[in-house]
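Below is one structure, written out as structure tokens; comments come after it.
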């Protein structure tokens, strides 16, 4: 029985699994996008998000915790300097996992893990979409709404002369 056994095994010993996840986290922050299997991506997400949270706090102890997990000092520096500024106003959800399909060799399900872009660009795109006046004018109206509009137009055109 699997009672109280959380996490995925990934068909590895615990030390090999730990090393794999450390390498994945390091590569993710180095390249900002990696391609891996679905199971590894799902195991990677909480660890990587914790690293971003450590970077957002930014104290010396947080930097040391991140350096103990991330393999390259330059990548940790990038996390604490550049990526910290990107996510300073965000409350979580720093990663996106996009399912890509299956791998040709062994048929394993493959995903792309990405760091989300800066929110300002997303907000600008949303604002552009909302500001279009055509979107509100092309609103679908049902038969009841059409009858009401026709009744209003008839009232305007008819002259109440005695």
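The values are calculated or read from the model by the stated rules, or taken from the named source; none is laboratory data. It should be emphasised that the depicted structure is a prediction, and the values quoted were computed from it without experimental measurement. Positions of Cβ are backbone-derived with ideal geometry, glycine not excepted, and every protein chain shown enters the neighbour counts.
Miscellaneous remarks
- Test for residue 49: is it within 22 Å of residue 117 (Cα to Cα), in contact (Cβ under 8 Å) with a residue 12 or more places away in the chain, in contact with a strand residue (DSSP E or B) (Cβ under 7 Å, 6 or more places away or on another chain) and in a helix (DSSP H, G or I): yes
- Looking only at region 72-117, and only at residues there that are closer than 11 Å to residue 29 by Cα and surrounded by fewer than 13 Cβ atoms within 10 Å (Cβ to Cβ), the one that is farthest from the chain's Cα centre (by Cα): 74
- Residues that are surrounded by fewer than 20 Cβ atoms within 10 Å (Cβ to Cβ) and more than 13 Å from the chain's Cα centre (by Cα) within region 44-55 comprise 47, 50, 53, listed in sequence order.
- Whenever a residue of region 100-117 is without any contact (Cβ under 8 Å) to a residue 40 or more places away in the chain, its partners that are surrounded by fewer than 13 Cβ atoms within 10 Å (Cβ to Cβ), lying with C-beta atoms within less than 9 angstrom and at least six residues away or across chains, give the pairs 116/93; 116/122.
- Inclusion of residue 129 among residues that are touching a helix residue (DSSP H, G or I) at 6+ places or on another chain (Cβ under 9 Å) and at pLDDT below 80 is warranted.
- All positions within region 25-40 that are in contact (Cβ under 8 Å) with a residue 60 or more places away in the chain, assigned to a helix (DSSP H, G or I) and in contact with a helix residue (DSSP H, G or I) (Cβ under 6 Å, 6 or more places away or on another chain): 28, 29
- Within region 1-24, the residues that satisfy the criterion of being outside any loop (DSSP other than H, G, I, E, B), touching a residue at least 12 places away in the same chain (Cβ under 8 Å) and surrounded by fewer than 16 Cβ atoms within 10 Å (Cβ to Cβ) are 22, 23.
- Qualifying position, being loosely packed, with under 15 Cβ neighbours inside 10 Å and free of Cβ contacts under 8 Å to residues at least 40 places away in the same chain, among 67, 60: 60
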